[in-house]
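Colleague: My questions all concern the structure below.
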Amino acid sequence: MNEKKLVKNPKFWLVISLCLCLLSSVVASWAQSSFGTVRVEDMRVVVDDGYVINAEIYIPEGASAENPLPLIVISHGSYNNLDHQDINAIELSRRGYVVISSDAYMHGSSSVYVNSEDSYLNMVHLIEYACASYSFIDTDSIGVSGHSMGAMIASATAEYYFKQEALGLGENRLKAILNVGYDPQYEPYSFEGADGETDLTINWGVIAAKYDEWFFTADTGNPADYLESSYAISFINQLDGVDISGSVENGNIYSGTIDGEEYIRVIYQNTEIHPLNHFSAASAASQVDFFYNALGVPSGYDYLDPGNQIWQIKEGFNLVGLIGIFIFLVAFAATIMDTVPYFGELKAKQAVPCAPALSTGKNKATFWITYAINLVIPALLVVPVAYMWIGQSAWVPSTVTTWFGEPNTNELAGWTAVVAICILAVFLISYKVFGAGKGVKGIPEYWGVKTTVNKVYRSLMLALLTVGVAYVILFTSEFFFNVDYRIWVVDMRIFTANKIPFFIAYVPAFMLFYLVNSLLVNGGNRVEGMPDWLVTLISCISNIAGIAVLIFIQYSRLIGSGVFTFNSMRIVNLFPLIVLIPIGTIIGRKLFKITGSIYVGSFIVSILYTMMTVANTMVMASVMG
């Protein structure tokens, strides 16, 4: 991308960004529907207690009352949403399975407040609703699958139906269950009021990441050894006629009988980490392989090799849309400043001077020592601030209040604010005591901080307008094409009204960080004589190098010896920042060139990232209910 053209020709890049968003929506939707052979519809199921379940149903074109097809209900993991099951919904539905994917309770657009005993029963409600509402479903061929927390929900669903049958309260509708990123049931169920134990008369499979951060640690504590563990062996040996004594064969379909009926057991150990279970060709293939064996090839469809996959097309074009949105933010804001006089006042009348050149050894030492300190501060504060202070050293984030009801966001926002305060303090001390500001009064012009209250207000209004229009584009894409803009765990998705109070609560913390970040990038790193590309590069490195080292330490030890250095959830939560912070830095740089101040870029980035964050995680409490 030619940076100068992006600044000088914003209308051209505005058109390009909109074309990318349209291209993304059309092709991603086309791939999601398996090139027009699967109908994807929104579902909104209201259960007896008034809980709302937001879901999507994938209906293959071969489904009809005359040719009912197997149903597979799938669920995402904790702090995610239904979009993170796209790969399985696409690959299973294009092979002839009806697929329902939903937002779990407390996630996405589903209800927040539910009774604790109902919190994992959303799959049950979806199955019952589907069986009663759709004539094209084979009610004798139903499976469930979920990732992490979603696998817990799938397991709770299986237990519910086994209990119903054991107590004579109803039939067991399930024929198959696949746990992804979560241990299966190793022992028969024992239900109060039932005669004896209830055997696990169901086809059961497991997808276990070789380097899973949470599960499959039985016996040795190392998930890489799971296939040799007594737990994995006992799982396969649930089948009569099967006697594994050494280790379980990876991906082998074991067949045997339970109570005289034939069932299968299988464990797929894929070389990946837990968060890659829902973004992996290997795990997508394992899903298909399991349900082919557990439910059979759907009527009217031919066997399609599990390795034949198209979900990458959808994910790739989701990314195209996300790139389009990031370009849009700069191009739209610049275009508005060029065309609307009210916002045109924000444009710099002349280029803002750089900080003095690093002309002496002392200045160079001060610059790079300050740079190095601020590079490590974010990493040093993750554990003490996010995990120990805000998270109270809990296994997973769970600290909430009614106004701050998102546990993940609480830790991220708190850590972000503390990091901003610390790096600002280091920057100011180094400037006043050791750097060019020693003995100098006032705020230097090159920091881009000096302005008026009116201009700060206009900057905020421009940022709200820019991000607001970006979300109009997103909602339009969702409405007409049923897709959003994202890649893996970096997700710009639509939001519901109950997310707005969280946005208001959390945006100050993120705004503080990006204002300070822009100050350091544009007022500190931008020194005379340093090429602009180098300023941007060292700024991006400074923002992510420390947390990248944390991630490297965590996974190099985990892969090498199965040892966890840090709490896993807090490290996993850093993944999106490796992408988002550098992009925010680049957006801030480009808008600084236009405005000569840190405000417009910082406001746009913080507003967008706050809404992206609050829309994509678990809600445990809310003032809106």
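The values are calculated or read from the model by the stated rules, or taken from the named source; none is laboratory data. Since the model is a prediction, treat every value here as computed from it, not as a measurement. Positions of Cβ are generated from backbone atoms using ideal geometry, with glycine treated the same way; all protein chains shown enter the neighbour counts.
Colleague: With 17, 24, 34, 29 as the choices, which residue is under 27 Å from residue 325 (Cβ atoms), in contact (Cβ under 8 Å) with a residue 24 or more places away in the chain and in a loop (DSSP other than H, G, I, E, B)?
Modeller: 34
Colleague: Now for a separate question. Among the residues of the stretch 393-413, are any of a type in the set (Ser, Thr, Tyr), surrounded by 14 or more Cβ atoms within 10 Å (Cβ to Cβ), part of a helix (DSSP H, G or I) and over 38 Å from the mean Cα position of the chain (by Cα)?
Modeller: no
Colleague: Can you tell me how many residues in the stretch 217-269 are among the aromatic types (Phe, Trp, Tyr), under 30 Å from residue 196 (Cβ atoms), touching a residue at least 40 places away in the same chain (Cβ under 8 Å) and outside any helix (DSSP H, G or I)?
Modeller: 1
Colleague: Same structure, new question: Step by step: first the residues of the stretch 359-392, then only those that are part of a helix (DSSP H, G or I) and of a type in the set (Ser, Thr, Tyr), then the one that is farthest from residue 570 (Cα to Cα). Which residue is that?
Modeller: Taking the candidates together, the pick is 366.
Colleague: Say we look at the stretch 157-176 and pick out the residues that are among the small types (Gly, Ala, Ser) and crowded, with 18+ Cβ neighbours inside 10 Å; which of these is nearest to residue 121 (Cα to Cα)?
Modeller: Residue satisfying both the conditions and the ranking: 158.
Colleague: Among the numbered criteria (1) buried (at least 22 other Cβ atoms within 10 Å of the Cβ); (2) in contact with an Asp or Glu (Cβ under 9 Å, 6 or more places away or on another chain), which single criterion is violated by residue 118?
Modeller: Among (1) buried (at least 22 other Cβ atoms within 10 Å of the Cβ); (2) in contact with an Asp or Glu (Cβ under 9 Å, 6 or more places away or on another chain), the lone unmet condition for residue 118 is (1).
Colleague: Looking at the structure I just gave you, is residue 377 in contact with a helix residue (DSSP H, G or I) (Cβ under 9 Å, 6 or more places away or on another chain), on the phi < 0 side of the Ramachandran plot and crowded, with 21+ Cβ neighbours inside 10 Å?
Modeller: no
Colleague: Could you tell me whether residue 476 is in contact with a Gly (Cβ under 9 Å, 6 or more places away or on another chain), closer than 30 Å to residue 25 by Cβ and surrounded by fewer than 17 Cβ atoms within 10 Å (Cβ to Cβ)?
Modeller: So residue 476 does not fit the description; no.
Colleague: Another one. Mind telling me which of the residues 521, 527 ends up being farther than 18 Å from residue 381 by Cβ, touching a strand residue (DSSP E or B) at 6+ places or on another chain (Cβ under 6 Å) and assigned by TED's automatic domain parsing to the domain that holds residue 568?
Modeller: Result of the check over 521, 527: 527.
Colleague: For the stretch 203-245: of the residues being under 25 Å from residue 558 (Cβ atoms), in contact with a Leu (Cβ under 8 Å, 6 or more places away or on another chain) and of a type outside the set (Gly, Ala, Ser), which is surrounded by the most Cβ atoms within 10 Å (Cβ to Cβ)?
Modeller: Among those that are under 25 Å from residue 558 (Cβ atoms), in contact with a Leu (Cβ under 8 Å, 6 or more places away or on another chain) and of a type outside the set (Gly, Ala, Ser), it is 207.
Colleague: Can you find a residue that is of a type in the set (Asp, Glu), within 25 Å of residue 75 (Cα to Cα) and either assigned to a loop (DSSP other than H, G, I, E, B) or at pLDDT below 95 (or both) anywhere in the stretch 270-278?
Modeller: Looking for residues that are of a type in the set (Asp, Glu), within 25 Å of residue 75 (Cα to Cα) and either assigned to a loop (DSSP other than H, G, I, E, B) or at pLDDT below 95 (or both), one finds none in the stretch 270-278, hence no.
Colleague: To continue, here is another question. Which numbered condition trips up residue 385, out of (1) farther than 20 Å from residue 536 by Cα; (2) among the hydrophobic types (A, V, I, L, M, F, W, C); (3) surrounded by fewer than 20 Cβ atoms within 10 Å (Cβ to Cβ)?
Modeller: Going through (1) farther than 20 Å from residue 536 by Cα; (2) among the hydrophobic types (A, V, I, L, M, F, W, C); (3) surrounded by fewer than 20 Cβ atoms within 10 Å (Cβ to Cβ) one by one, residue 385 breaks only (3).
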